[in-house]
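These notes concern the structure reproduced below.
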Amino acid sequence: MTILAATTASSSGKQLNGHASEIRPRPPFNHLPTPSEGNGHLKAARVESDNTSAISSGRSTPVPEDAPPSAHSIQHARREKRRRMFPTVAYESRVSHFDPQSQYHDFRGFFALFWIGIFIMVLNTALRNYRDTGKVLRTSIFSLFYAAPAELAFADLAMACSTVICLPLQKMFARNLVSWEKEGHLLQHLIQSIWLGIWVYLPFYLQWQWTHQVFFTLHALTLLMKIHSYSFYCGHLSDCHKQLKSLDSNNTTVESEADAELREKLAFELTCPEGKVTYPQNLTLPNFLDYLLCPTLCYEMSYPRVDHIRWAKVVEKAAAVFGCVFVLTVTSEEFILPVMTEAALRLESVQSWAEIGLVLLESISLLLFPYMITFLLVFLVIFEYVLGAFAEITCFADRHFYADWWNSTNWLEFSREWNIPVHRFLQRHVYGASRRHTSRSVATLVTFLISAAAHELVLFCITKKLRGYGFVCQMLQLPIIAVQRTKFMQSWHTLNNIMFWCSMIWGLAMVSNPSIMLARLDFENFTNCKI
């Protein structure tokens, strides 16, 4: 009652014990910025709240001197922060971890959860196989790895050694025995075409299994890009070296300002960024072999390096490679091959095109999740473990092999971020070379054509028939990209990311399923089908 009386007296503005007491005006409510203003408002709001509570709550009035001691204690407690006897939950303005404005980016637990899920899948598969067949795993695909492994290893080593042919050619260009600008680059294109034709034809001639052929073809394409980058970059340096030597033969006593500027520009071009190597000192066998082992497709005279090799990391990544290959084989053996085999048998007895469409749609739906797992495992085994292991062995410091491609909103963004070594090669040696002679749209078209042809070559190695499904589907990305890059579509970031993932998962099953199943059958069997 005393507190209530004091409050009433103060509200009427009367004198109480000689002290004037008035209601303090309530401070205006602090405006919290909108989400678009960023996370900075969180700390600002918290500090402002602390300062306000230290002065007054805005709802209390001064306590008269004759008030009970408890009133003074409460008033004092409102102005101080102290640990309470009863546990207190601290609330403040903040966002959740999955909020787009959150600064939290550590989700390694989900990576561990992914591998736990993979382990559960393999364990359930092994138990089911043991119950049904008495064997832990099926061996139809595993048996392919035991077919002529020594022959594959010898051929792969021979192919890698054959890349050294570009080194003596570059020495000829450096000595000005052959001009790179006139006929040298044409000779290099001819040699590269012959080289690729020989090594792509070899698996067909030896009648290898598709597993051996796909690995060998992918390695051949990788070495081809390395040869091309090494040859054309060194060829460019040979022209620069030739121009620099021509400036030395200038008989004038005073060099013009333009020649001096050109000399400095050429000298800078012929020296690596660290200043350790200068052309043609880089044209050595150790330098070339080091480039072959480095996890990059774009040649430079030198690369940034780390101090030492962490052999524990090398062993860890090598073990992860074999583990991923094992899980990939189990996934193909248990969830992909049976679906395709059953669908291929059903296609042999179809009577109408409607039945063909039903079989294909059913098999595609069953393959969506297995292909998604396969895609993620292939990504990990190549860009995280294989390239990471070679980076450790060569002390290669730049290990930015991929970016956050899983947040892509269009296919062009995905192509830049999921395979950075290939993206850099295409940007430097395909798009950049084409851009000097054509428009941007034509250069982009040429880049996509070459990339689509390489992907179709891999499918051709699997099916042994040229269907063109992969080529057509990849070229269809161009109109899709044009739509996704409009201002209207760019505002729907989450929707575009969902569309990207749906098209990625659906596209893998849609392209691979018809390509492999129809390759087993003669297309003439479908000419008599009824609509």
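The values are calculated or read from the model by the stated rules, or taken from the named source; none is laboratory data. Computed from a predicted structure; not experimentally measured. When we count neighbours, we look across all protein chains shown, and the Cβ atoms used for this are built from the backbone with ideal geometry, even at glycine. Remember, those area values only see protein heavy atoms, side chains included, never the ligands or the DNA or RNA. Shrake-Rupley method; radii C 1.70, N 1.55, O 1.52, S 1.80 Å.
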**Prompt:** Can you find a residue in segment 427-443 that is under 19 Å from the mean Cα position of the chain (by Cα) and in contact (Cβ under 8 Å) with a residue 40 or more places away in the chain?
**Reply:** yes
**Complete:** Of the residues in segment 140-174, those that are in contact (Cβ under 8 Å) with a residue 12 or more places away in the chain and under 24 Å from Gln207 (Cβ atoms) number 14
**Prompt:** Across segment 176-193, what is the number of residues that are part of a helix (DSSP H, G or I), of a type outside the set (A, V, I, L, M, F, W, C) and open to solvent by 40 Å² or more (accessible area, probe 1.4 Å)?
**Reply:** 6
**Request:** Return the pairs, sorted by first residue and then second, in which the second residue is surrounded by 10 or more Cβ atoms within 10 Å (Cβ to Cβ), the first residue lies in segment 85-96 and is among the polar types (S, T, N, Q), the beta carbons are less than 7 Å apart, and the residues are 6+ apart or on different chains.
**Result:** Ser93/Leu32; Ser93/Leu42; Ser93/Ala45; Ser93/Arg46; Ser96/Ser102
**Request:** With respect to Leu123, determine if the residue is loosely packed, with under 13 Cβ neighbours inside 10 Å and not in a helix (DSSP H, G or I).
**Result:** no
**Prompt:** Pick from Thr163, Thr222: which is open to solvent by 40 Å² or more (accessible area, probe 1.4 Å), in a helix (DSSP H, G or I), within 23 Å of Val430 (Cα to Cα) and among the polar types (S, T, N, Q)?
**Reply:** Thr222
**Item:** Where Phe142 falls short, out of the listed (1) aromatic (Phe, Trp, Tyr); (2) over 30 Å from Ile373 (Cβ atoms); (3) open to solvent by less than 80 Å² (accessible area, probe 1.4 Å)
**Value:** (2)
**Complete:** Leu478 vs (1) open to solvent by 60 Å² or more (accessible area, probe 1.4 Å); (2) touching a helix residue (DSSP H, G or I) at 6+ places or on another chain (Cβ under 8 Å); (3) without any contact (Cβ under 8 Å) to a residue 60 or more places away in the chain: all pass except (1)
**Request:** Give Leu270, Leu297 a once-over and let me know the one that is surrounded by 13 or more Cβ atoms within 10 Å (Cβ to Cβ), under 24 Å from Ala397 (Cβ atoms) and free of Cβ contacts under 8 Å to residues at least 60 places away in the same chain.
**Result:** Leu270
**Asked** Looking only at helices (runs of 4 or more DSSP H) that fall completely inside segment 463-505, which ones have 2 or more residues that are at pLDDT 85 or above and farther than 15 Å from Leu412 by Cα?
**Response** none
**Prompt:** Which residues, counting only those in segment 421-445, are closer than 20 Å to Ile227 by Cβ and either among the charged types (D, E, K, R) or open to solvent by less than 50 Å² (accessible area, probe 1.4 Å) (or both)?
**Reply:** Pro421, Val422, His423, Arg424, Phe425, Leu426, Arg428, His429, Val430, Gly432, Ala433, Ser434
**Request:** Determine, yes or no, whether Phe288 is part of a helix (DSSP H, G or I), modelled with pLDDT of 90 or more, hydrophobic (A, V, I, L, M, F, W, C) and exposed (fewer than 14 other Cβ atoms within 10 Å of the Cβ).
**Result:** no
**Prompt:** Can you name the number of the only condition in (1) part of a helix (DSSP H, G or I); (2) touching a Pro at 6+ places or on another chain (Cβ under 9 Å); (3) of a type in the set (S, T, N, Q) that Thr296 fails?
**Reply:** (1)
**Request:** Among the numbered conditions (1) open to solvent by 70 Å² or more (accessible area, probe 1.4 Å); (2) at pLDDT 85 or above, tell me where Ala112 comes up short.
**Result:** (1)
**Fill in**
Per the list (1) hydroxyl-bearing (Ser, Thr, Tyr); (2) surrounded by fewer than 19 Cβ atoms within 10 Å (Cβ to Cβ); (3) within 26 Å of Leu292 (Cα to Cα), residue check on Ser249 breaks on (3)
**Message:** Among the residues that make up segment 342-354, is at least one of them out of contact with any Leu (no Cβ under 7 Å at 6 or more places or on another chain), of a type in the set (D, E, K, R) and surrounded by 18 or more Cβ atoms within 10 Å (Cβ to Cβ)?
**Reply:** no
